[in-house]
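Heads up: the structure comes next, in structure tokens.
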Amino acid sequence: MALTQQLARVSPQYLARCRRTAEDSPGKAPGWDPPDRDTLDLDWALWGLARFFRRSGVDAVLTAALERSFSGDSADDAGFLDHPTVHDGFDGPPALLAPAAVSEICRVLGTADIDEVLELLPRDGEEAAKMCGFGGFSGDLAAYLRGHFTALRGFYADASARGLAVVAWVD
């Protein structure tokens, strides 16, 4: 079973409804089912990108925003989502980023020139993959990372524009 990073854009009202549903249901099921257009499966790309950012000395503010974008701020606020209908329980429970945090992350990610950052990747594909923690990666690593970063940035831009929160978890 492959583990992948998952994100969902949701309104505070939707979260409140899920919290009430979890409180009222016998099995504590939150009724979690955000629309597909508001979910994003990031595979394992951002874990490697964050590792690359740290190892290559990319701006600390950008690195922190990237890591925060998929780690969330608090599992306490989303504890009601710690349920098998939401995630498989292999990793920690889902974590929440409130709309204000989403806007801040959006702002920082929007300042990044990902092509410039990816120029720091070693030219040797095997060495580059190791720098990201990807043993045995085949294909165009820069394109893989760029595509996922671009998807993340767009996801956050849409969430920020709509005043939504983001929930992050591994499944």
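Some points to look at:
- Breaking point among (1) open to solvent by 80 Å² or more (accessible area, probe 1.4 Å); (2) more than 15 Å from the chain's Cα centre (by Cα), for Asp91: (2)
- Index of the failed condition, Asp171 passing every other in (1) at pLDDT 95 or above; (2) open to solvent by 20 Å² or more (accessible area, probe 1.4 Å); (3) under 17 Å from the mean Cα position of the chain (by Cα): (1)
- From the list Phe70, Phe53, Phe80, the lone residue that is on the phi < 0 side of the Ramachandran plot and open to solvent by 30 Å² or more (accessible area, probe 1.4 Å) is Phe80.
- Counted residues, the range 1-49 - those being farther than 15 Å from Asp82 by Cα, over 11 Å from the mean Cα position of the chain (by Cα), surrounded by 13 or more Cβ atoms within 10 Å (Cβ to Cβ) and among the small types (Gly, Ala, Ser): 2
- Enumeration of residues in the range 35-56 that are free of Cβ contacts under 8 Å to residues at least 40 places away in the same chain, more than 15 Å from Val102 (Cα to Cα) and not in a helix (DSSP H, G or I): Pro35, Asp41
- Exactly one residue out of Gly31, Gly92, Gly79 is outside any helix (DSSP H, G or I), farther than 21 Å from Phe155 by Cα and free of Cβ contacts under 8 Å to residues at least 24 places away in the same chain: that is Gly31.
Here's the yes/no breakdown for (1) out of contact with any helix residue (DSSP H, G or I) (no Cβ under 6 Å at 6 or more places or on another chain); (2) over 20 Å from Ala22 (Cβ atoms); (3) not polar (S, T, N, Q):
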{"position": "Pro94", "(1), (2), (3)": "no, no, yes"}
{"position": "Gly135", "(1), (2), (3)": "yes, yes, yes"}
{"position": "Gly139", "(1), (2), (3)": "yes, yes, yes"}
{"position": "Ala157", "(1), (2), (3)": "no, yes, yes"}
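- Residues within the range 57-72 that are more than 11 Å from the chain's Cα centre (by Cα) and not in a helix (DSSP H, G or I), tallied: 3
- Looking only at the range 124-135, and only at residues there that are part of a loop (DSSP other than H, G, I, E, B) and open to solvent by less than 50 Å² (accessible area, probe 1.4 Å), the one that is nearest to Gly154 (Cα to Cα): Cys132
- Qualifying residue in the range 103-123 (condition: surrounded by 14 or more Cβ atoms within 10 Å (Cβ to Cβ), basic (Lys, Arg) and either in contact with a Leu (Cβ under 7 Å, 6 or more places away or on another chain) or without any contact (Cβ under 8 Å) to a residue 40 or more places away in the chain (or both)): no
- Residues of the range 136-152 satisfying the condition of being hydrophobic (A, V, I, L, M, F, W, C), surrounded by fewer than 18 Cβ atoms within 10 Å (Cβ to Cβ), without any contact (Cβ under 8 Å) to a residue 60 or more places away in the chain and assigned to a helix (DSSP H, G or I): Ala142, Ala143
The values are calculated or read from the model by the stated rules, or taken from the named source; none is laboratory data. Not measured: the values here are computed from a predicted model. Glycine gets a Cβ as well: all are built from the backbone with ideal geometry, and neighbour counts include every protein chain shown. Accessible surface is based on the protein model in full, side chains and every heavy atom, while ligands, DNA and RNA are left aside. Shrake-Rupley method; radii C 1.70, N 1.55, O 1.52, S 1.80 Å.
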